[in-house]
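Quick note: the coordinates plus some simple rules give every number you see, no bench work behind them. Values in this document were obtained by computation on a predicted structure and should not be read as measured data. Methodologically, a virtual Cβ is constructed for each residue, glycine included, from the backbone with ideal geometry; neighbour enumeration extends over all protein chains shown.
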Amino acid sequence: MLIPVILALALMSPDIDPPPKYKAWVQGHEVWMETDAGPRRVIYDALAAEPVAASPGGDRVVYGVINTNFDVHCGNTPQKFVVLVNASGQFQWKTALKEACNDFTKFEWIDAHRIGVMLCGHANCFYWVLDAGSGAILEEDFGGFDFVWSHNRRYVAHRTVGNVELDRYTLAETSTLLFNDARDSVYPPVKPGTQAFYDREIIDDMTWSPDDAWLAFPEVEYPSYDSFVVLVSPDGKVLRDSLPVDANDAVIKWTDNRRFQINASGRTFKYVVDGNTLREITSKE
């Protein structure tokens with residue numbers, strides 16, 4: 001009965017990626033991995049440390065290794081190295097990320113050929129894309145939080161965080177949206193005739209459509225505090241519609257490539273992408 005339930009949940013939530021098939025962990029000084037035959041010790045490494053992640057095929061494991069020469073003042077000496085071994089424990093490569101002066105937040109396999117390495121501090125994150133074959137840095141996506149990959153693994157969305165002064169006593173959080181290693185944001189737009197962004201907040205729930213044509217998220221606009229639902233495409237197209245309720249607790253779920261619903265303040269609103277417009281679906285449709 002378990003498999004039909006999983007399939008049903010997948011159909012109900014097409015925007016959610018399945019969890020990794022193979023789990024990996026560090027126990028003492030050993031790296032372990034879940035296999036089809038059960039738990040298996042991959043390698044003994046006296047300096048092995050979290051994070052750790054098994055490849056989609058279960059044939060490789062990436063994990064952290066403590067740098068015994070780490071300088072607390074950093075000086076471009078990473079706190080940990082990134083190491084890859086195969087499932088038999090044979091060494092493949094070790095990479096030093098010079099900017100990694102703090103502990104890594106997580107490792108993730110983007111696909112069978114790329115590994116994502118995240119390091120988050122108090123106000124920002126670093127994200128490296130490594131070549132799984134060599135450990136070489138393919139991309140450096142510095143700045144922002146979340147780093148939500150599209151299903152086809154071509155785009156990673158991340159949002160920067162800043163503050164806007166509403167009055168002399170009040171600061172509000174505001175964000176900009178970026179894709180991959182872009183240095184220029186794709187949202188919000190710049191005010192005409194200025195170099196300043198509109199004062200808006202991107203809330204955490206960024207969700208890709210099943211076909212990766214759109215990234216959807218709720219938004220609060222300052223200083224009006226009006227709420228909106230926003231769609232942004234990887235090539236910079238923007239669709240936007242107002243919400244009659246507070247969007248601070250909003251959650252978006254896609255039902256197919258064009259339709260989604262947003263749950264906010266105890267109410268549900270349904271939308272459809274109709275050509276170049278975003279249209280709310282009425283109860284009669």
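Could you work out the local net charge near residue 71, counting Lys and Arg as +1, Asp and Glu as -1, over the other residues with Cβ closer than 14 Å to its Cβ?
Its environment carries a net charge of +1.
Can you pull out the trypsin sites (Lys or Arg not before Pro) in region 193-252 that DSSP calls coil and that have at most 16 other Cβ atoms within 10 Å?
237
Using modelled backbone amide H atoms (1.01 Å from N, in-plane), which distant-in-sequence or interchain residues come within less than 5 Å of residue 139's amide H?
So residue 139 has HN proximity to 129.
Quick one: net charge around residue 111, please, counting Lys, Arg +1 and Asp, Glu -1 for every other residue with C-beta under 11 Å from its C-beta.
Spelling it out: positives minus negatives among the neighbours equals +2.
Once phi is turned into ³J(HN,Hα) by the Karplus curve 6.51 cos²θ - 1.76 cosθ + 1.60 with θ = phi - 60°, what whole-Hz value does each residue of region 93-107 show in order, with x for glycine and proline?
For region 93-107, the Karplus-derived couplings read 6, 9, 10, 10, 9, 4, 7, 7, 7, 10, 6, 5, 8, 6, 10 Hz, x marking Gly and Pro.
Net charge within 12 Å of residue 238 by Cβ-Cβ distance, Lys/Arg positive one each and Asp/Glu negative one each, not counting residue 238 itself?
0
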